[in-house]
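Right, one structure below, let's go through it.
The values are calculated or read from the model by the stated rules, or taken from the named source; none is laboratory data. Bear in mind the structure is a predicted one, so any value in this text is a computation, not a measurement. Note that we place each Cβ from the backbone using ideal geometry, even for glycine, and neighbour counts take in every protein chain shown. When the accessible area is computed, the model is the full protein with side chains, heavy atoms only, and any ligands, DNA or RNA have been set aside. Shrake-Rupley method; radii C 1.70, N 1.55, O 1.52, S 1.80 Å.
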Amino acid sequence: MGTSCRKNGPGRRNKMTTFACVVTAKSAAAISTIQISGDGARAVVGKIFRPAGGNSSGFEAGSILLGDVVDGEQVVDQVVVGCEGENGFSINCHGNPLIIEMAMELLRGNGAELISAEEMLRRRYTNDPGLGAIAGEAKLARLKAVTLEGVRIIANQVGGGLESVVSGWLDGIDSLSLADISSQCESILARSESAGLIIGGGRVVIAGPPNSGKSTLLNCLAGRQKAIVTDIAGTTRDWVGAECRIESLLMELIDTAGLDDGLRIDDSIDRRSQEKTVELLESCDLVLLVLDGSRAAAKYKGGSVAPAIDGRKVVVVLNKSDLGAELNPEELGLNFDGCVRISAREDRGIDELIDEIRTVLGVADFDVTQAVCFTERQRRLLGDLGQAKDKRQVKSLITELLNAQACV
Ligand SMILES: Nc1nc2c(ncn2[C@@H]2O[C@H](COP(=O)(O)OP(=O)(O)OP(=O)(O)O)[C@@H](O)[C@H]2O)c(=O)[nH]1
Ligand SMILES: [Mg+2]
């Protein structure tokens, strides 16, 4: 590192008013762009950038300058600097990650705080007085949505959706009762759970007794050989995951070790597998409870299945339909939300299973224009709104929902 870095090292930084981040993907590319902003941006850029022909034209807003990023007398890269305004510059370097790393170190050494692109956007949107809180949050949340339908849901909450519904409450506050607002909050929050799955994806755990066909089903849904299938009960001991697109959903599918009380007291690997399965069940969005539907119900009564899936959304999958249909799910004594007969081995009933998954998760025919919350802040405020004691509190919560600074 050259002298300019040492001279202006961390010891000299009292107040950070300059931020730098790489806004392009961190991989080899033709070009990579570094964004520099803040009221110290011009001074920092001036220290590391030497314009061709010595003409900086004072870094006039709107100008584009060719020149070199330099570390003392050493040229790091030939670059194009875009002067976007008094406090904003972009440095377009050659896209070798090593060059970018060097340029970023130079910026740090000259007083810039290095931040992630997401943090840069968060600060920009937070400080934008013309942007409402929901609009700011939407810009950030959009970056992370895992499906296009999720992007659409978020986009629809600005101007319409959530923003429009809560603004409407504020405008018509005199004619609305607290009970009206509370019940609307409840349905928005319920819908937000399904929206959250479309926006961010979720986790489906495939569980059930040993040898029922869980791994075969995972392979069937994931469309490839992911998990080992044999006719020996207890084949899967460790969990196996696969990413799977179920129409508008991007779900992580997890195949687990068969739930069997007998194994909990057995050797330590089996015992740990059983504990891991229960742990995965406790944190998932949906359980596919795979049972051998060709065998009678008595086999599954009691045991470890019921407590492990209690309180979760459950679709009972009666597998091995090619061998017959002996099992009546009502005789299981379990609570479940949907039930489908399939043959995982013969790839039959899988479309019906996908429809059932989408229905139980509330994402079938999801109307992307309806109001939903897509951040924790929104969910918290809507929850408080549903419990508001008087209209003064309603007004203040809505004002906070619409105007507070974005925080994702
Ligand atoms: N006839 C029939 N056999 C199936 C079906 N699905 C799975 N099998 C068979 O059932 C046996 C067990 O299948 P797996 O997928 O390994 O079962 P598992 O539930 O993962 O078993 P563990 O990992 O031991 O808990 C294998 O011989 C499969 O070929 C099906 O739909 N029909
Ligand atoms: Mg298995």
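Before moving on, here are some points about what is shown:
- Accessible area of the chain belonging to carbon and sulfur atoms, whole % at 1.4 Å probe: 48 percent
- Accessible area per residue for the chain, computed on protein heavy atoms with a 1.4 Å probe, is 48 Å².
- Mean residue ellipticity at 222 nm, helices only, the chain: -11500 deg cm²/dmol; runs of at least 4 DSSP H residues each add -39,500 (n - 2.57), and the sum is divided by the number of residues.
- Cα long-axis angle, helix 178-200 against the chain (0 to 90 degrees, to the nearest 10): 80 degrees
- In this structure, the amide hydrogen of residue 159, modeled 1.01 Å from its nitrogen in the peptide plane, lies closer than 5 angstrom to those of 164, counting only residues at least 5 positions away or on a different chain.
- Among 143-152, 43-52, 197-206, the order from most to least packed when residues are scored by Cβ within 10 Å on average: 197-206, 43-52, 143-152
- Where Rh is the Kirkwood radius over Cα pairs, Rg/Rh for the chain: 1.11
- Between the helical axis of 97-109 and the longest alpha-carbon principal axis of the chain there is an angle of about 60 degrees.
- Amide H within-cut-off set for residue 29, under 5 Å, with H built and near neighbours excluded: 95, 96
- Sequence-ordered 3J(HN,Hα) estimates for region 328-342 from the Karplus curve with 6.51, -1.76 and 1.60 and θ = phi - 60° stand at 9, x, 5, 7, 6, x, 10, 8, 8, 9, x, 8, 9, 9, 9 Hz, glycine and proline given as x.
- Angle in degrees between helix 376-386 and the longest Cα principal axis of the chain, rounded to the nearest 10: 60 degrees
- Relative contact order of the chain, defined on C-alpha pairs under 8 angstrom at six or more residues apart (%): 15 percent
- In this structure the amide hydrogen of residue 18, modeled in the peptide plane, comes within under 5 Å of the amide hydrogens of 40, 113, none closer than 5 places in sequence on its chain.
- Net +/- balance of residues flanking residue 91 in space, Cβ distance below 15 Å, scoring K and R +1, D and E -1: -2
- Sorting the segments 245-257, 324-336 by their mean number of nearby beta carbons within 10 angstrom, highest to lowest, gives 245-257, 324-336.
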